[in-house]
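Engineer: This structure is in structure tokens; I'll ask about it shortly.
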Amino acid sequence: MLKADFEALFENYRLCALRHPRLIHLKITARAVIGLGVVLLSGALALLGLLWSLSPVFSGDYSGPPLLWLLRIPLLILALAWIVSVGRVLRARFAPMAGMLLAREEAPEMFALLERLQRRFRSPPIHEVRITGDLNAAITQRPCLHLGGTQRNTLILGLPLALALAPRQFVAVLAHEFGHLRSQRIALGGWGCHLRSFWHQVLDNMENDRSPFRFLLSAIARYESPVYCAGSLVLSHLDEMEADESAARVVGAKLLGQALAELALKHRFLVQDYWHKVYAQADRSERPAILPYRNMRAALRAGFDRRAAASWFDEIAQSDDSLLGTHPSLGVRVKALGVDSLREKRGGERAGDRYLGPALDRLAGLLDRDWWDAERSSWRRRHWEVSRALDRIARLEAEGLALGVSDRLELAMLVERYAGDRDPLKVYREMMPEAPGRPDALLAMGRLLVSRNDPSGVAYLRQSLGEDDAVGLQATALLIEHYESCGMSQVAEPYRKRLAELLQQAVKVQRELDAPVAAVRNEPSGLEIHEMRALVRELRPHSFVRSGFVVRRICPEAPSWRACLVLVCVAPGDLAAAEELARSLGESISLCGVWRFLACVEGGEEEVAVRGVEGAKFFSRRRSRPEAGRLSA
């Protein structure tokens, strides 16, 4: 379904929700119940057909016309296959509950607060509290049995949330979650929510079904999923506003609005500033000196700029409603609560200090341990990559004027990607007199200048258009973005037409790249030394990669495009990891041209097809020799 059609569905449901808020709950829940009922009914009918087909076996009467037996046998096969398909479609499992379990003895103040909120909202009790590393809070409700039993309520509490908010703001955010529990999850409301979630999983199973009935099930999912998702999004927005209204009656609209705004501002600070600095340590050290959760409290206290937050709040307050998000935009919510400015005292006690107490440090340590276990390999790989790149930069700079054009371009690319404290534009400027017509250098110059709002970058982008079509595709997109941001849409119109032509060519080139390796003629890549070195830098950190080959594919309908196929050769047992690496490299490659990375088994037919191409092999990992005197099997 096109985005415009989905937006129309969303708008229809939104107008219905504005006129009849309660009707939208019944409508979406009824749609889920009817859908589940139809699936169960079809399974029951298939079971009856199976029993009828096997009735002679049970009765012992095998008499009957041959035509009836011809009907029983296919029906038996179809009924059995459909029952298996229905069982797979209805197989909806809950994801494991995230977070660390918080014991009542560790944080009595927290559980006392939850009991006070429960009494004030007259809601079901919270059975357990789990701590995660997200800046969020949520109450999940799951039945003890899949389709029966009592509901079990779990508070998922992010430790950063307790570190970011003052105690009163923290209470306001929890009141919002209890508003959900009181307004939408009591008795039949909770079961309605569970059935809607169950139907969503069933539709997802239909879409990914691989049974003989996959075409029928995927067609049903393609029709039902957009309609159901549009209604579910509107219902989610309505539930959020209803929970805000319920919480505002308890803690006050101003306090809730201030808490939501403060939460958004702290989230922006953590994402754009704090986490960026945490991961930037990988460029300098093999292990982080600043552990994220233990140092987050001090960073939020000392690093959060209140003056910058005032301008951020203005941006949030002016934001429009979010169509594809499960929550309304914060601008809509704070306006509905009547918040027009951010008022928060600097410093002061944090909610984590009051409600988690001595458990705070232990929880932060456990979260840091889990974070490091998940990030250790990628952290060290990044450190190794940056260290080698900085060594290469130092060697290139030591050669000074003796550097060739290719080496200067490599130096500029390395400085841009790895030397964050230096200005890559200066290196590109020094290189341009020696390579005035290089499309990749022109594109880099134009991109950097335009990103700094320097209009001289437009000339470089225009010049790169005629040099290489693959470069021209990126340059055209940058020019359109620049002109539209400057309010010059008419000037961008010719570039939109050119972009459409280049995209059509790109589809043909990609089709040529996607052809089987042995089915199309492979040519020498023609890559320069710095480009080969860039590919080697991407493969070397991954110990499972045995060798790498690169060839060029020439599309007859777009011969000027540079389209390169890179083979990543590994042992059979490492093929899954190599496929994931190939996907990642295909998304992050920064070299000019159209690229396809393909994982294959070393010595397989793909490698054999490119082995004879001149200069195709660019990477080979050295292997240790067998010990003397040891016989190979």
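The values are calculated or read from the model by the stated rules, or taken from the named source; none is laboratory data. Only a predicted model underlies this, so the values are computations on that prediction, with no experimental measurement involved. No Cβ is skipped: glycine too gets one built from the backbone with ideal geometry, and neighbour counts run over all protein chains shown. The accessibility values were calculated without ligands, DNA or RNA, using every heavy atom of the protein model including side chains. Shrake-Rupley method; radii C 1.70, N 1.55, O 1.52, S 1.80 Å.
Engineer: Scan segment 505-548 residue by residue and report those that are farther than 18 Å from Phe597 by Cβ, in contact (Cβ under 8 Å) with a residue 60 or more places away in the chain and surrounded by 19 or more Cβ atoms within 10 Å (Cβ to Cβ).
Structural biologist: Across segment 505-548, the qualifying residue is only His530.
Engineer: For segment 74-114, how many residues meet the condition of being of a type in the set (Gly, Ala, Ser) and assigned to a helix (DSSP H, G or I)?
Structural biologist: Selection size over segment 74-114: 5.
Engineer: What helices (runs of 4 or more DSSP H) completely inside segment 187-298 contain at least 1 residues that are of a type in the set (S, T, N, Q) and open to solvent by less than 30 Å² (accessible area, probe 1.4 Å)?
Structural biologist: Result: 214-251, 253-269.
Engineer: At pLDDT below 80 and buried (at least 18 other Cβ atoms within 10 Å of the Cβ): is that true of Ala17 in this structure?
Structural biologist: For Ala17, the condition - at pLDDT below 80 and buried (at least 18 other Cβ atoms within 10 Å of the Cβ) - is met.
Engineer: Can you tell me which condition Phe304 does not meet? The list is (1) part of a helix (DSSP H, G or I); (2) open to solvent by less than 60 Å² (accessible area, probe 1.4 Å); (3) of a type in the set (A, V, I, L, M, F, W, C); (4) at pLDDT below 90, and all the others hold.
Structural biologist: Just one mismatch for Phe304, condition (1).
Yes or no, residue by residue, for (1) in a loop (DSSP other than H, G, I, E, B); (2) surrounded by 19 or more Cβ atoms within 10 Å (Cβ to Cβ):
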| position | (1), (2) |
| --- | --- |
| Val450 | no, yes |
| Asn453 | yes, no |
| Tyr460 | no, yes |
| Gln463 | no, no |
| Gln474 | no, yes |
| Leu479 | no, yes |
| Lys497 | no, no |
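Engineer: How many residues does segment 433-480 hold that are farther than 24 Å from Val415 by Cβ and charged (D, E, K, R)?
Structural biologist: Residues flagged as farther than 24 Å from Val415 by Cβ and charged (D, E, K, R) within segment 433-480 amount to 2.
Engineer: Could you please let me know if Val427 is in contact with a Pro (Cβ under 7 Å, 6 or more places away or on another chain) and either among the basic types (Lys, Arg) or in a helix (DSSP H, G or I) (or both)?
Structural biologist: So Val427 does not fit the description; no.
Engineer: I've got another one for you. Which one of the conditions (1) open to solvent by 30 Å² or more (accessible area, probe 1.4 Å); (2) at pLDDT 80 or above does Asp407 fail to meet, given that it meets all the rest?
Structural biologist: (2)
Engineer: So, one more: Just to be sure before I move on: is Phe178 buried (at least 19 other Cβ atoms within 10 Å of the Cβ), of a type in the set (Phe, Trp, Tyr) and either touching a strand residue (DSSP E or B) at 6+ places or on another chain (Cβ under 9 Å) or at pLDDT 95 or above (or both) in the structure I sent?
Structural biologist: For Phe178, the condition - buried (at least 19 other Cβ atoms within 10 Å of the Cβ), of a type in the set (Phe, Trp, Tyr) and either touching a strand residue (DSSP E or B) at 6+ places or on another chain (Cβ under 9 Å) or at pLDDT 95 or above (or both) - is met.
Engineer: Identify, by number, the condition in (1) in a helix (DSSP H, G or I); (2) over 27 Å from Asp209 (Cα atoms); (3) open to solvent by 70 Å² or more (accessible area, probe 1.4 Å) that Leu51 doesn't meet.
Structural biologist: Failed condition: (2).
Engineer: Still on this structure: Residue check, Leu591 against (1) within 15 Å of Ala534 (Cα to Cα); (2) open to solvent by 20 Å² or more (accessible area, probe 1.4 Å); (3) aliphatic (A, V, I, L, M), all met but one. Which one?
Structural biologist: If we test Leu591 against (1) within 15 Å of Ala534 (Cα to Cα); (2) open to solvent by 20 Å² or more (accessible area, probe 1.4 Å); (3) aliphatic (A, V, I, L, M), just (2) comes out false.
Engineer: Just for segment 117-143: of the residues that are among the basic types (Lys, Arg) and out of contact with any Lys or Arg (no Cβ under 9 Å at 6 or more places or on another chain), which one is surrounded by the fewest Cβ atoms within 10 Å (Cβ to Cβ)?
Structural biologist: That would be Arg119.
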